[in-house]
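Comments concern the structure below.
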Amino acid sequence: MEKLSPTTPINLQPDDPRLQKFCLFAGLGQNELTALLELTDTLSFPAGNRIVQEGDEGHSLYVLLSGKARVSIDSSGREVELALLDEGDFFGEIALMDDGPRSAHVTALEACTLLRITRMTIGVLAGLQPAAAIQILGAIGRALVKRLRAGNQKYLDILLRSGLSE
C-alpha cells in the first residue's frame, strides 16, 4: 500500500475553474466532474515532503491542484531531477495502469494539494459516467505517448552524438 501522510483534505467543488484548465478534465461536464469528485479524495503535503517514493507500490494517479513538485530518481548515490511539476500536471499514471512500483520520487517543492485517482475510481466512474472515464483515460494515454516520444527523441539524440547509430 502507498505510504502517504496527508494533512487536512480540502473540499473541491466541480465548478472550481481550475478543473477545466487541466488537460485531464478538459471537456468534462458538471455531472461528470461531480461524479469524479465524489469518488476521489484530496491530499495536502507541506514543502519538502516526499509525496511518493521510488520503488514503493503504487495504485494511484495524482493531479497537482496547487503547488509545485519535483520528480527525481536515485542514480549512483545522487538524486537526479527528471521533471518539475506545476498546477494541472499529474503523475503516477504508470502505477495506475500496471500496479507496479513507483518509477521515481515526487517531492513537494512548495505546499501541494493533490487529487488522488485510483484504478477503482476509474472503474466506478466508467459505470456511472462512461464518457468521463474514456476522456480521462484518453488524456492519460496522450500524456504517456507524449512522454514516450520525448524519451525516444532523447535516446536518438544520444545515439547520434555518440556515433552509435552508424
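Each value in this text was obtained by applying a stated rule to the coordinates, not by laboratory testing. Source: prediction; values computed, not measured. Every residue, glycine among them, receives a Cβ derived from its backbone with ideal geometry; neighbour counts consider all protein chains shown.
Cβ-to-Cβ counts within 10 Å put Asp74, Asp56 in ascending order as Asp74, Asp56, the fewest first.
Straight-line reach from Lys146: taking Cα to Cα under 20 Å and skipping same-chain neighbours fewer than 8 places apart, the aspartates and glutamates in range are Glu81, Asp86, Glu87, Asp89, Glu93, Asp98, Asp157.
Return one quarter of the surface area of the convex hull spanned by the alpha-carbon atoms of segment 17-162, equal to its mean projected area, in nm². Please list the in-between numbers first.
Details: hull surface 38.0 nm².
Taking the Cα atoms of segment 17-162, their convex hull projects to 9.5 nm² on average.
The fewest-to-most ranking of Arg50, Arg78 by surrounding Cβ atoms within 10 Å reads Arg78, Arg50.
Listed values for segment 51-57 are Karplus-derived 3J(HN,Hα) couplings in whole Hz (6.51 cos²θ - 1.76 cosθ + 1.60, θ = phi - 60°), namely 8, 9, 10, 3, x, 5, 4, and x replaces Gly and Pro.
Compared with the alpha-carbon gap, the fully stretched path from Ala150 to Gln13 is longer by 45.9 nm at 0.36 nm per residue.
For n ≥ 4 DSSP H runs only, could you compute -39500 (n - 2.57) per run for the chain, divide by its residues and tell me the 222 nm figure to the nearest 500?
Details: 5 runs with 64 residues, N = 166.
Taking each H run of at least 4 residues, the total per residue is -12000 deg cm²/dmol.
Approximating the spin labels as points 7 Å out from Cα along Cα→Cβ, the Glu38-to-Val124 distance works out to 1.0 nm. Here the dipole of the chain is about 340 debye; that uses its Cα centre as origin and unit charges on the Cβ of Lys and Arg (positive) and Asp and Glu (negative).
Here the simple spin-label model places points 7 Å from the Cα toward Cβ, and for Arg161 and Ile73 these points are separated by 1.6 nm. Comparing Asn11, Asn152, Asn31 in a Gaussian network model of the chain where C-alpha atoms under 10 Å apart are linked, the largest mean-square fluctuation is found at Asn152.
Among Tyr155, Tyr62, a tally of other beta-carbon atoms within 10 Å of each Cβ gives an order, fewest to most, of Tyr155, Tyr62. Counting charges near Leu85 (Lys, Arg +1; Asp, Glu -1) among other residues having Cβ under 13 Å from its Cβ returns a value of -3.
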